[in-house]
Amino acid sequence: MADWSTLMAFAVFVCVMSGTPGPGNLTFMALGAKAGFGAVVRPLCGAILGAAMLGLCVALGLGALLMQDGWIANIFRGLSMGYMLYLAWRIMTMHKADKKDTAHLSFAEGILIHPLSPKTWAMYSIAFSLYFNPTGSLLDETAILIGGFAMGGLVFHSLWGFMGAKVMQFLGDGRKYQLFTAAMAVLMVGTTAWSLWAKTGAS
């Protein structure tokens, strides 16, 4: 980062982008509501790692390929929608929190959440274009950007998962609880579809 004002602007950007609804946050809220906060921890750790890997890809220039409208972008759209539909199905079919339950989302499944999220690709690409200092060290700049998003993801994904768990406690086991988790799963898929549609429309 060139100076403290740029760093502060980047911090605000991270908070806004990491804290607003998107496939990742809605996934963890739905997961917390469906199976409790304990079920959020493993996939959340995987999501942080996946986001860091994505950041490296954007730093190496791969983000520009997905911003173009070609066969690579079309493959990404298909994979993204397919994986979000898979996550929605997993959330809807898992049981409530149980320490012996192995059906919850795994660390490995969490890794793919951000690399297949159009919102995450967009926010990393925007961050690198706005806040990356071309005269600085590539390694240092990349570390700052990835570290900032890692901290934002850890805080806000945890908060969304915690809110989901509290909603589960409030709604109980009845129809309202089932409708809420279904709505979160639908919103997760819907935000992904909207992001992909908006990208296609802008191409």
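The values are calculated or read from the model by the stated rules, or taken from the named source; none is laboratory data. The shown structure was predicted, so the numbers you read here are calculated from the model rather than taken from an experiment. Virtual Cβ from ideal backbone geometry, glycine too; neighbours counted across all protein chains shown. Heavy atoms of the whole protein, side chains included, go into the accessibility calculation; ligands, DNA and RNA do not. Shrake-Rupley method; radii C 1.70, N 1.55, O 1.52, S 1.80 Å.
Hey, what number do you get for the chain at 222 nm if only DSSP H runs of n ≥ 4 count, each worth -39500 (n - 2.57), divided across all residues, to the nearest 500? Value at 222 nm, helices only: -26000 deg cm²/dmol. Out of all Cα-Cα pairs in the chain, roughly what percent, to the nearest whole number, are more than 21 Å apart? Here the long-distance tail beyond 21 Å is 52 percent of all Cα pairs in the chain.
When the chain is treated as a Gaussian network with alpha carbon springs shorter than 10 Å, the biggest mean-square fluctuation among 147, 36, 161 belongs to 147. Note on residue 166 and residue 85: with the Förster distance fixed at 22 Å, the Cβ-Cβ geometry gives a FRET efficiency of about 0.25. In the assembled protein chains, residue 176 presents an accessible area of approximately 150 Å² (probe radius 1.4 Å). Quick check: Cα centre of the stretch 135-194 to Cα centre of the stretch 11-67, how many Å? Cα centroid to Cα centroid, the span is 7 Å. The alpha carbon convex hull volume per residue for the stretch 130-197 rounds to 104 Å³. Based on Cα contacts under 8 Å between residues 6+ apart, the chain shows a relative contact order of 44 percent. Give the carbon-plus-sulfur fraction of the accessible surface of the chain in %, rounded to a whole number; probe 1.4 Å, heavy atoms of protein chains only. Within the chain, the accessible surface is 74 percent carbon and sulfur. Shown in residue order for the stretch 8-13 are the 3J(HN,Hα) couplings computed by the Karplus curve 6.51 cos²θ - 1.76 cosθ + 1.60 at θ = phi - 60°: 5, 4, 5, 4, 5, 4 Hz (x for Gly and Pro).
The residues of the chain have, on average, 50 Å² of accessible surface per residue, using a 1.4 Å probe with all protein chains present. Number of Lys-Lys pairs in the chain with C-alpha atoms under 26 Å apart and a separation of 8 or more places or on different chains: 15.
Spin-label model, residue 3 to residue 41: label points 7 Å out along the Cα-to-beta-carbon direction sit 4.4 nm apart.
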